[in-house]
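What follows is one structure encoded as structure tokens, with my remarks underneath.
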Amino acid sequence: MIEVRSLTENCEFQEAVALQKTIWGFEEIELLPVRLFVVATKVGGQVFGAFDQGRMVAFLLSIPGLKPQGKYYLHSHMMGVLSDYRNAGIGRMLKLKQREEALSRDIAVVEWTFDPLEVKNAFFNIERLGVVVRRYVLNQYGTTTSALHGGLPTDRCVAEWYLDEDRVTGLLDSGKFMRPPEAARIEVPTAIQDWKLSNPARAREAQASISAQFQEHFRNGLAVVGFERGEDKGTYILGKWHS
């Protein structure tokens, strides 16, 4: 049985820092420090852990944000799951805990960024949680030391999770959501993860092409509203969407 609960003690925050090293292979300079976890719990953020028989196997950290219109939201900054526990639904458990706690404080929106080249994450965010994507950020974090990033620019999609809107509640209640008419598609080859190591130039070329497509479609007022996952590619489905 996996237990998901809030983290409150420094020793628990230290475990979450250690998990960052194991999951991403970051060097010390790139780790989120214990003090950030402490601050998040003091200023209206969230810090959750998932435990298997007392051992922390995943964590989630979010911090509060303020929109230009004066509306509060949560920025879900980092979520990590140990490799041995992936595909076990733990990420979804953490996100649902996040949603429950946010709604208890009348917070209606959670945002986070994700790598558009990571097909599995895209499917999870869009088809399992019901996020929409309308923004694309070039090289958000600069080049990192993580082997998972393969030395590529850290381009990111911005996920917008509207916690109590029909798109999300329908998906969580019935496993389905209404999708607006399709207007465009963006394909991501799954082989790009291998290219990061075997052919970095090809990986960068593919990333640049995908980036250009996202930016063009977003300029034209489209949003990512669906995702299809195949054996050799993932496909972003874009259409008109308004919150």
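The values are calculated or read from the model by the stated rules, or taken from the named source; none is laboratory data. All of these numbers come straight from a predicted model, not from anything done at the bench. When we count neighbours, we look across all protein chains shown, and the Cβ atoms used for this are built from the backbone with ideal geometry, even at glycine.
For the reader, a short list of remarks on this structure follows.
- Positions within region 19-40 being surrounded by fewer than 13 Cβ atoms within 10 Å (Cβ to Cβ) and within 16 Å of LEU82 (Cα to Cα), in sequence order: THR22
- Tabulated pairs, region 175-196, first closer than 17 Å to ASN125 by Cα, second among the charged types (D, E, K, R) and crowded, with 17+ Cβ neighbours inside 10 Å, C-beta under 7 angstrom, 6+ apart or interchain: PHE177/ARG167; MET178/ARG167
- Region 65-115: number of residues that are of a type in the set (Ser, Thr, Tyr), in a strand (DSSP E or B) and either touching an Asp or Glu at 6+ places or on another chain (Cβ under 8 Å) or closer than 23 Å to PHE26 by Cβ (or both): 3
- The residue pairs whose first member lies in region 1-27 and is over 15 Å from ILE90 (Cα atoms), whose second member is at pLDDT below 95 and of a type in the set (Asp, Glu), and whose beta carbons are closer than 9 Å, counting only pairs six or more residues apart or on different chains, are GLN20/GLU30; LYS21/GLU27; LYS21/GLU28; TRP24/GLU30.
- Within region 41-63, tally of residues that are within 19 Å of LEU163 (Cβ to Cβ) and surrounded by 15 or more Cβ atoms within 10 Å (Cβ to Cβ): 8
- ARG135 being of a type in the set (D, E, K, R), in a helix (DSSP H, G or I) and under 23 Å from TYR73 (Cα atoms): no
- GLY221 in contact (Cβ under 8 Å) with a residue 12 or more places away in the chain, part of a loop (DSSP other than H, G, I, E, B) and not hydroxyl-bearing (Ser, Thr, Tyr): yes
- Taking the listed residues LEU74, LEU117, LEU103, LEU82, the one that is farther than 26 Å from TRP241 by Cα, of a type outside the set (Ser, Thr, Tyr) and either modelled with pLDDT of 95 or more or surrounded by fewer than 18 Cβ atoms within 10 Å (Cβ to Cβ) (or both) is LEU82, with no other qualifying.
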